[in-house]
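The values are calculated or read from the model by the stated rules, or taken from the named source; none is laboratory data. Not measured: the values here are computed from a predicted model. We place every Cβ from the backbone using ideal geometry, glycine too, and count neighbours over all the protein chains shown.
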Amino acid sequence: MKKINLIICFTLVLFSCENEAKQEVNLEENRAKSYSQDDGLITMKGEFVYYEDAAVLQTSKDIYGVVIDDNMHLLKDQVKPFQKEATDMIPVTVRVRKFKKPEGEEGWPFRVEIKEILKVEAPQSDSQDVIKLAK
């Protein structure tokens, strides 16, 4: 009887390990998980632009200064193919750490530090909110 129990336990362990090795990474599932993680980060959707050493994320309600670091440069590189001009704002979805700007500095009241890039989208071409100045 002990041998049968041992064989059954060994078989269960063998099959459970085999299933773990066959799991595939589902990007959509990972994206959904990152929206609902309770790690202190916020998921934000807005338009991003980096121009002349300044990075900005504009959401539907607020504008945030973006901390310039490796993740911001990675986002800048992903946004670049969608920009027709250097000042074009591109829709992005990112996970950020939001904090107040230091006292005495100019800029918007809050800053964001990009921790994870979830999505970069092509801008809508029918947008009518572009103002161009000419000399």
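Only residues that are β-branched (Val, Ile, Thr) and farther than 18 Å from Lys45 by Cα: list them for region 72-125, please.
Scanning region 72-125 gives a single hit, Thr87.
I'm told Arg111 meets every condition in (1) outside any strand (DSSP E or B); (2) of a type in the set (D, E, K, R); (3) modelled with pLDDT of 90 or more except one. Can you identify the failing condition by its number?
(1)
For region 117-126, what are the residues that are among the small types (Gly, Ala, Ser) and in contact (Cβ under 8 Å) with a residue 12 or more places away in the chain?
The one that is among the small types (Gly, Ala, Ser) and in contact (Cβ under 8 Å) with a residue 12 or more places away in the chain: Ala122.
Taking into account only those residues within region 27-46 that are surrounded by fewer than 14 Cβ atoms within 10 Å (Cβ to Cβ) and assigned to a helix (DSSP H, G or I), which is modelled with the lowest pLDDT?
Applying the filter and picking the extreme gives Leu27.
Could you check region 47-95 and list, in sequence order, the residues that are aromatic (Phe, Trp, Tyr) and outside any helix (DSSP H, G or I)?
Answer for region 47-95, where residues must be aromatic (Phe, Trp, Tyr) and outside any helix (DSSP H, G or I): Phe48, Tyr50, Tyr51, Tyr64.
Restricting attention to region 65-87, which residues are within 16 Å of Ile117 (Cα to Cα) and touching a Lys or Arg at 6+ places or on another chain (Cβ under 8 Å)?
Val66, Val67, Asn71
Please name all residue pairs, on different chains or six or more residues apart, with Cβ atoms under 7 Å, provided the first residue is in region 90-116 and is free of Cβ contacts under 8 Å to residues at least 24 places away in the same chain and the second residue is among the aromatic types (Phe, Trp, Tyr).
Correct list of pairs: Phe99/Phe110; Lys100/Phe110.
Those residues that are over 18 Å from Pro91 (Cβ atoms), more than 16 Å from the chain's Cα centre (by Cα) and charged (D, E, K, R), I need them from region 39-70; list them, please.
Listed by number, the residues that qualify are Glu52, Asp53.
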